[in-house]
Each structure stands twice: as C-alpha cells, then as structure tokens.
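**Student:** Below you will find the structure I want to go over with you.
The values are calculated or read from the model by the stated rules, or taken from the named source; none is laboratory data. Remember, predicted model here, so these are calculated numbers, not experimental data. We place every Cβ from the backbone using ideal geometry, glycine too, and count neighbours over all the protein chains shown. Side chains included, ligands, DNA and RNA excluded: accessible areas come from the protein's heavy atoms. Shrake-Rupley method; radii C 1.70, N 1.55, O 1.52, S 1.80 Å.
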Amino acid sequence: MLTHLAVIMDGNGRWAQRRGLPRAMGHREGVEALRRLVRLCPKYEIRYLTVYAFSTENWKRPEAEIQTLMLLIHEFLDRELIVLKEQGVRIRILGDIGPLQPALREKIKNAVSTTAGLEKLHLSVALNYGGRQELLRSAKALAKRALKGENPDDWREEDFAGELYTGDLPEPDLLIRTGGDTRISNFLLWQIAYTEFWSTETYWPDFGEKELAEAMTAFTNRQRRYGGV
Ligand code: IPE
Ligand code: IPE
Ligand code: MG
C-alpha cells in the first residue's frame, strides 16, 4: 500500500534550457505537472502527497527567479484553491513562511485554514523548508519543554517526531526525485528513514501518469524489511 508519496520536483530549469526558454517557463510548466499529480492521486489511492517546492537553500538563486517562484505560488493558490476544495484537498505547509511577502503569507494561511477539515488528499507543500532547519526546530521545542519541567529521559522518538512540521502525518512510503539526480537535498531527513527511493531522468514538467505508474510498479515490487529478514 502506498499511502504517502513525497516528491522532489526537480529539473524545471533544465527542461526550459533544453527548449531554449527562460527558466521561469520551466517553473510555470512545473506547476502544471503538480496540478496533474494532485488530480491523479485519488485514482492511485494516494492519501498523502508531499512536494518540495522551495528549499532553505533556494534563496541562493537570483532574485528574479525567486520572485518568479513566489509569484507562481501566488497564482497557483488564486487559481486552484476552489478546485482543490472541491477535490477535498487539505493543504499544509512544511517550512517557515515568515520570510515570505505578507500578501503571500496571508493567501497561504487562508488556504491552510479553509481546507483544514478536508481529508480526501493531504497535500503538504514544503516551502522555505530545510530538513536540518526542521530538526533543529524540533530540538529547540523539546529544549523549551525541558525548561518547563519535562524530563528528557522520558522522551521517545515519537516526541521528537511530534515537534516536526510533519508531526501529524504518516512517514512517506515512496520518495520520487525527477531530473536525474539521486540526492536528498535536505528534504525530510528524519521522515525518510525507511522510505523507498525512486529517481527518474524525466524533468519535473514532463512528469505525468506514465511516470507515476512506473514508480508505483517499482514500489510494489520492492520488499520492505525495516531491518528484519
Ligand atoms: C526545481 O527545478 C524547482 C525548484 C528547485 C524550485 P530547478 O529549478 O531546480 O531545475 P534544475 O534542477 O535547475 O533543472
Ligand atoms: C531540490 O532541488 C529543491 C526543490 C525541488 C524545491 P534543487 O535543485 O534545489 O537541489 P540541488 O541544488 O540540485 O541539490
Ligand atoms: Mg534543481
């Protein structure tokens, strides 16, 4: 059973460059690929979809590209929120939206709160997200609890996991990375301890049902042992 799918949506820039287009066009097509995937999830009985949209390291990119990405998120919410609601999609954000522009922050908060009761698909968008930043944040939250009198010796892995952005989500079953690289790039470091990993050369804007079905088949043929025999 594949309950939770996580995706590192990579290769937008190279998709565009290969066509002689500006990188922004690749990001625009990348949004279309995300819309497609959201619509495919019910068919494949995927209940949780977590996508990497912007990492804490992506601030290193040129200002214009960052602006494009933020604008696309803005547009995505303007255009898709009604449809997402109809589809029963609950939106969560993993990451710190504090540094985003106030107008975008408000739009995001509204999307999160107005979809909070929905549960056909749990869509989590990692936005200004970094795995190490998330681990540090969890450690800080526990340290504060200790200062309030809790005994750290009583804590178990669940206590640490509960302070992550993903505190109320199951762990991913499958992690897909598009764009041909086989690295994690600071995504979900804690949560993917036993996640199956599948990578494809396909650039994210070209990712569609064919690739999803291929990944699902590969996943089904894996034997997950969790350290057992
Ligand atoms: C992924 O595509 C989108 C983000 C990281 C925001 P890239 O922009 O990283 O595309 P490539 O890897 O340069 O082709
Ligand atoms: C990972 O892609 C981040 C997102 C998909 C948002 P990057 O393109 O930023 O990763 P690196 O730089 O190739 O590791
Ligand atoms: Mg990339």
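**Student:** Return the total of residues in the range 82-97 being within 14 Å of residue 117 (Cα to Cα) and open to solvent by less than 20 Å² (accessible area, probe 1.4 Å).
**Tutor:** 4
**Student:** Then there's this: Which residues, taken from the range 109-121, are more than 13 Å from residue 84 (Cβ to Cβ) and either charged (D, E, K, R) or touching a strand residue (DSSP E or B) at 6+ places or on another chain (Cβ under 7 Å) (or both)?
**Tutor:** Residue satisfying the conditions is 109 alone.
**Student:** Oh, and also: Just one of the numbered conditions (1) touching a strand residue (DSSP E or B) at 6+ places or on another chain (Cβ under 7 Å); (2) farther than 22 Å from residue 35 by Cα; (3) surrounded by 15 or more Cβ atoms within 10 Å (Cβ to Cβ) is not true of residue 170; which one?
**Tutor:** (3)
**Student:** Still on this model: I'm trying to understand the selection: among the residues of the range 1-22, which are open to solvent by 20 Å² or more (accessible area, probe 1.4 Å) and more than 11 Å from ligand 2 (Cβ to nearest atom)?
**Tutor:** Across the range 1-22, the qualifying residues are 1, 3, 15, 17, 18, 19, 20, 21, 22.
**Student:** Select from the range 17-31 the residues that are over 14 Å from residue 62 (Cβ atoms) and more than 8 Å from ligand 1 (Cβ to nearest atom) and write down the one among them that is nearest to the chain's Cα centre (by Cα).
**Tutor:** 31
**Student:** Quick check on my filter: what residues within the range 121-134 are open to solvent by 10 Å² or more (accessible area, probe 1.4 Å) and within 16 Å of residue 35 (Cβ to Cβ)?
**Tutor:** Hit for the range 121-134 is 125, nothing else.
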